[in-house]
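The values are calculated or read from the model by the stated rules, or taken from the named source; none is laboratory data. This is a predicted model, so every value here is computed, not measured. Neighbour counts are summed over all protein chains in view; Cβ atoms, including those assigned to glycine, are modelled from backbone coordinates with ideal geometry. These area figures cover heavy atoms from the full protein model, side chains too; ligands, DNA and RNA do not enter into them. Shrake-Rupley method; radii C 1.70, N 1.55, O 1.52, S 1.80 Å.
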Amino acid sequence: MDNNNAIIPGFDNEKDDSLTIVLRKADGIPRGIFIYLSGYIDTYNSSFFQKQITKVIEAGYINLVFNCSSLNYVSSTGIGSFTVFLKIVKPKGGDVVLLEIQPKVYEVFQLLGFSQFFNIKNTADEAIAFFSAGGVSSEASVFPLIISCPVCVKKLRATKSGRFRCSGCRSILAINDSGEVSLG
């Protein structure tokens with residue numbers, strides 16, 4: 001991996017024992033960068049995380065690809081940090097992609113309802129393809145879709161497949177790629 005200071009001067013001047021951040025330029029993504037996260041993000045280190053990623057954005061990188069394969073835990077405060085980055089880069093024409101999220105971390109995103117706001121991909125190639133397509137998923141999709149909860153019949157908006165919690169009755173719903181809803 002590259003030395004972070006070689007990409008963004010002074011990036012490694014500040015450290016946190018609970019979160020390691022490694023940067024790698026993203027060939028094939030205009031103004032893009034891969035950000036490898038290792039450890040966890042919670043209330044105590046989220047300000048460090050936000051400060052470091054703000055340095056990345058201020059250096060001109062607006063297409064952020066977070067590799068989360070070594071991220072063991074993210075609190076709601078940590079998810080809020082990712083939301084802050086999305087709000088900063090979107091008006092500049094950028095976007096945020098989350099890669100290789102561990103199932104227990106992904107579940108937190110889903111249960112809090114944030115999985116629909118982020119582009120979540122499985123591989124770096126999928127992330128590059130996403131940005132190459134102008135920030136839209138290349139696969140044809142039935143989403144966004146208005147569904148009815150099978151328990152309470154509340155109308156809900158689904159932006160992609162996955163597991164979600166009904167805002168009416170709190171039931172867990174599973175929505176497949178075809179838009180079919182089941183309890184789950």
* Of the DSSP beta bridges with both residues in the chain, give the percent that are antiparallel, rounding to the nearest 5. => 55
* To do: Could you give the size of the charge dipole of the chain about its Cα centre, using +1 on the Cβ of each K and R and -1 on the Cβ of each D and E, expressed in debye and rounded to the nearest 20?
  => 720
* Heavy-atom surface of the chain, accessible at 1.4 Å and reported per residue (Å²) -> 51
* **Cα-based reach from K25 at 25 Å (exclusive), listing lysines while leaving out same-chain residues under 8 positions away** => K15, K51, K55, K87, K90, K92, K121
* Asked: Reachable aspartates and glutamates from K160, Cα under 13 Å, same-chain residues fewer than 8 places away excluded?
  -> E139, D177, E180
* Which label in [x] 8, 34, 37, 17, 3, 0; [y] 9, 35, 34, 16, 5, 0; [z] 10, 39, 37, 12, 1, 0 gives the computed P(r) over Cα pairs in 10 Å bins from 0, in percent -> [y]
* Taking a ≥ b ≥ c as the square roots of the eigenvalues of the Cα gyration tensor of the stretch 21-69, is the shape rounded (a/c under 1.5), prolate (a/b larger than b/c) or oblate? -> oblate
* Structure fact -> Quick shape check on the stretch 87-139: root eigenvalues a ≥ b ≥ c of the Cα gyration tensor, a/c under 1.5 is rounded, otherwise prolate if a/b tops b/c, else oblate, and it reads oblate
